[in-house]
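Everything on this sheet refers to the single structure shown next.
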Amino acid sequence: MQKLIKQLKSFPLLMTAKPATLEQIIHTQQDLKINKIANFPKEFSQFLQQINTIEYDGIFIFGINPRSYYLDIFAQNDMLDLPNKSEIIILGYDEFEYLAYNEKKQLYQIIDKETLDVLQTYTNLSLAIQYLLKIEDE
Amino acid sequence: MAKRQSNMGININTAQDLIYLIVLDKALSQISHKKRRKKNKNEKLTKEEQENLDNLLCLKNSLDLFFLPDNKKNSVEYRNQQQKIYNLDELIENIIHSKNTEIKQHVELLMEKEGLTFVNREASPISAEEKFLIKTDFHGLSHYPSDLCLSNFFIKKRNEANDKVPSTIDEQYYNLNDVPSWKFIKQFKNFQKRAPQFIKSMQAMNITPQELKHLNAYDMIYMLKLYQNKNNIFPLENAKSKFIKHFIANYENEFREYMHSNRQVIEYALHQKGIQINTGGENDNRGYQNFINQIIAQMKLKGSVPPLFNIHHKRPIKDINNQQNLALANSVDNLCLIIENPYHIMLHMFDSNSEGKKIYNRMVKRVELSPKMIFFGGFNKKFQFFQKQTQNIQDILLLKIQKENKCKNL
């Protein structure tokens, strides 16, 4: 994960917000729980404490935005009209696909935005983010 | 015509767009806000929430100032302007009173009043293979397709490939038309140009010409990527980068002008996202200039989508309905550079229904943008760019021949 974070920080014009605080993360997780939306894993919480939201080359990863609904993980998941919200939380998106976390299966999933078919699965957040951000396979 | 200036010292068009940006952001934020847990149960509103409401009320009371109809306007324009004020006024009222259903309705109404039209989606059938090719053409070939999609035949060949020597069968015996999905793959110039690489990659995998019929599109793309990686071949340029490079090559001046005249809009959007970027102070134009220069340099060099923007497919890939030319989905005519928040998000707000059914089981709405629109920077027509008229070489030659024939006849 640290290798990916270092790599991301070197990308020109990669837009991120101020790192999320532990208090903000706990607060958001409680909001998700109350509204019966699946929770994000510990690995993603740790990621948010270093890189909170990503906007890069037309690709977006959610985080915690106290100012607006925009890229805020709770607000965006609440707005999205998707089934199985209690099992799956959306972590980001590009023009065609969602990056999601399936809490029940404990897997990161790449889901087609229209058909909602699962196209790829990952057990590791770094690989899932690399896929969404189109960071080349080694 | 002299530009009308608002009290804020900015162009009236920019001021109007800034109001839309503020109100729409607040509207979309409000939809989920009510569901958030209060930190302190006794506290009705936090200080920040109260300030937000006060600001919105203040904005509501001053709408006339920014949307004040010009006396010179005719009655139709006057009515339209007044209607916009009513709509915004109602929308703000709904935000303040957290009426979520009404908020969505007013957002839709506002979009319609600003000239956006809703149409039903066609949602023609499209296979996962075809969709995969459209996505790969758009985003490029950064990852190997998942093993879940590869054919059993190919997986077996791939596993054997390390033990066997590459095929020595001459290239001329490989007919790509024998691959069932080649009829789709070749529709994309990006892939068509790489036909020799596809054949070489098949030879490397020890796939014989008789076995081509077993390959699917995922196998083909997998082999291409493997071949390019092994031979250090520069990967294909994706449609996304091509579009951005085309856009900045043809509309750099307009884009610069937009970024400068809408500085307040851009800085507000950055602030809303909590981005700490040095765009300079109010009187420091150099910082903001550097920011724009950096963005444009990346657009030219890498074809990167500028921050705060996204690329919108005007006709969704399911609505293209042209099996003979899938590449149309990623053509310049079908793409539009658009501000992500709130405009692009709003365009997709009506894509889904509450049941979350598959798209081909439902008729949902989409916003129809002009086929010529290439940039959407706001509702105001001044912040929208349309494709310039260009004549291709054949049209020019035809005109020349017609002109010469006319001269001869005379």
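Roughly to the nearest percent, how much of the accessible area of segment A:31-129 is carbon and sulfur, given a 1.4 Å probe? Answer for segment A:31-129: carbon and sulfur cover 46 percent of the accessible area.
Share of segment B:64-195's accessible area from carbon and sulfur, percent, 1.4 Å? Walk me through the numbers on the way to the answer.
Details: 3440 of 7270 Å².
Here carbon and sulfur together make up 47 percent of the probe-accessible area.
Per-residue mean of foreign Cβ neighbours for B:133-140 is 3 (Cβ atoms of other chains, 10 Å radius).
Name the shape class, rounded, prolate or oblate, that the alpha-carbon gyration tensor gives for segment B:49-123, where a ≥ b ≥ c are the square roots of its eigenvalues, rounded holds for a/c under 1.5, and otherwise prolate holds if a/b is larger than b/c and oblate otherwise. It comes out oblate by the Cα gyration axes.
Which of the three applies to segment A:10-104, rounded, prolate or oblate, going by the alpha-carbon gyration tensor with a ≥ b ≥ c and a/c under 1.5 meaning rounded? Oblate is the answer for segment A:10-104, as a/c is 1.5 or above yet b/c matches or exceeds a/b. Looking at segment A:60-107, the trypsin sites (Lys or Arg not before Pro) that sit in a DSSP loop and have at most 11 other Cβ atoms within 10 Å of their own Cβ are A:Lys104. Once you order the gyration tensor axes a ≥ b ≥ c over the Cα atoms, which shape class does the protein assembly as shown get: rounded for a/c under 1.5, otherwise prolate or oblate by comparing a/b with b/c? Oblate is the answer for the protein assembly as shown, as a/c is 1.5 or above yet b/c matches or exceeds a/b. A simple spin-label model places the labels of B:Val76 and B:Ala249 3.9 nm from each other, with each point 7 Å out along Cα-to-Cβ.
Accessible surface for the protein assembly as shown, divided over its residues, is 49 Å² per residue with a 1.4 Å probe.
Taken along its principal axes, the alpha carbon cloud of segment B:149-213 reaches lengths of 34, 28, 19 Å, longest axis first. Here the 3J(HN,Hα) profile of segment A:94-110, calculated from phi with Karplus coefficients 6.51, -1.76 and 1.60 at θ = phi - 60°, is 10, 4, 10, 10, 9, 9, 10, 10, 8, 5, 5, 8, 6, 9, 8, 10, 9 Hz, Gly and Pro shown as x. Expressed in units of 2.2 N^0.38 Å, where N is the residue count, the Cα radius of gyration of segment B:94-175 is 2.14.
Among DSSP beta bridges whose residues both lie in the protein assembly as shown, state the antiparallel percentage, nearest 5. Beta bridges within the protein assembly as shown, antiparallel portion: roughly 90 percent. When accessible surface is computed with a 1.4 Å probe, chains B and A are found to bury approximately 5000 Å² between them, both chains counted. Take each residue of peptide B:314-322, count the partner chain Cβ atoms within 10 Å of its Cβ, and average: the result is 1. When chain A is treated as a GNM with alpha-carbon contacts under 10 Å, the residue of A:Glu114, A:Glu87, A:Glu103 showing the greatest mean-square fluctuation is A:Glu114. Database remark: amide H of A:Leu107 closer than 5 angstrom to the amide H of A:Asn102 (H placed geometrically; neighbours at sequence offset of 5 or more, or on other chains; Pro and chain starts carry no H). In the assembled protein chains, A:Glu136 presents an accessible area of approximately 80 Å² (probe radius 1.4 Å). Using a 10 Å cut-off around each Cβ of peptide A:64-77, what is the average number of partner chain Cβ atoms that fall inside? Per residue, the average neighbour count from other chains is 5.
The values are calculated or read from the model by the stated rules, or taken from the named source; none is laboratory data. Everything numeric in this text was worked out from a predicted model, so none of it was measured. Cβ coordinates were reconstructed from backbone atoms using ideal geometry, including for glycine residues, and neighbour counts include every protein chain displayed. Ligands, DNA and RNA are excluded from the accessible area calculation, which covers all protein heavy atoms including side chains. Shrake-Rupley method; radii C 1.70, N 1.55, O 1.52, S 1.80 Å.
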